[in-house]
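Participant: Quick one: structure below, then a few questions.
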Amino acid sequence: MNPSFHCTGQMADGVYDVAWRYRDEILRPIVVPFIHNHHLMFQYDNARPCVARICTQFLEAENIPVLKWPAYSPDMSPIEHVWEALDRRIRQRVPVPANIQQFRTAIEEEWTDIPQATINNLINSMQRRCVALHEANDGHTRY
């Protein structure tokens, strides 16, 4: 999956055109086959393209189980900690990337260098995160 996919778009007929792209370029060719092949559940952060009707209906039609996630809980998503680590690693580079190409190269290099143990720890924390969220009645948690 492309970790650098970034959602931008204009309003088109009351629906973000990026939602169509997200469905057609990310969900359909990448996410759905991966989830079906590995019997997984899908989680998103309630970003507008993700929760657009076209995407939610598509996931439902494809029988993709979706983890219910409170609207204002991006801090609960383990990927947020990965983005934070990636940002920290890039800012510590000497020299700091000076243009888009250097920045892209830095992202790719630092993404590859994030230790697998870091990713595994975040994955293994999901049950604790969900329990903490439930116990906080969907409120703030330490995550």
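Participant: Just to verify a result, which residue in region 91-123, among those that are in contact with a Leu (Cβ under 8 Å, 6 or more places away or on another chain) and hydrophobic (A, V, I, L, M, F, W, C), is most open to solvent (accessible area, probe 1.4 Å)?
Facilitator: Trp111
Participant: Could you please tell me which pairs satisfy a Cβ distance under 6 Å, a separation of 6+ or placement on different chains, a first residue in region 73-84 that is of a type in the set (Gly, Ala, Ser), and a second residue that is at pLDDT below 75?
Facilitator: Ser77/Asp45
Participant: Quick one: in region 46-71, of everything that is in a loop (DSSP other than H, G, I, E, B) and charged (D, E, K, R), which residue is most open to solvent (accessible area, probe 1.4 Å)?
Facilitator: Lys68
Participant: Continuing with the same structure: Applying the selection to region 132-143, what residues are open to solvent by 90 Å² or more (accessible area, probe 1.4 Å) and in a helix (DSSP H, G or I)?
Facilitator: Of everything in region 132-143, those that are open to solvent by 90 Å² or more (accessible area, probe 1.4 Å) and in a helix (DSSP H, G or I) turn out to be His134, Glu135.
Participant: So, one more: Checking the condition among the basic types (Lys, Arg), open to solvent by less than 100 Å² (accessible area, probe 1.4 Å) and not in a loop (DSSP other than H, G, I, E, B), which residue from Arg129, Arg88 passes?
Facilitator: The unique qualifying residue is Arg129.
Participant: Would you mind finding the one in His36, His81 that is farther than 22 Å from Val18 by Cα, assigned to a helix (DSSP H, G or I), open to solvent by 50 Å² or more (accessible area, probe 1.4 Å) and modelled with pLDDT under 95?
Facilitator: His81
Participant: Could you grab me the full set of residues in region 85-125 that are in contact (Cβ under 8 Å) with a residue 60 or more places away in the chain, more than 20 Å from Gln43 (Cβ to Cβ) and in contact with a helix residue (DSSP H, G or I) (Cβ under 8 Å, 6 or more places away or on another chain)?
Facilitator: The one that is in contact (Cβ under 8 Å) with a residue 60 or more places away in the chain, more than 20 Å from Gln43 (Cβ to Cβ) and in contact with a helix residue (DSSP H, G or I) (Cβ under 8 Å, 6 or more places away or on another chain): Ile107.
The values are calculated or read from the model by the stated rules, or taken from the named source; none is laboratory data. Predicted model only: the values in this text are computed from it and were never measured. Backbone-built Cβ (ideal geometry, glycine too); neighbour counts: all protein chains shown. In case anyone asks, the SASA skips ligands and DNA or RNA and just uses the protein heavy atoms, side chains included. Shrake-Rupley method; radii C 1.70, N 1.55, O 1.52, S 1.80 Å.
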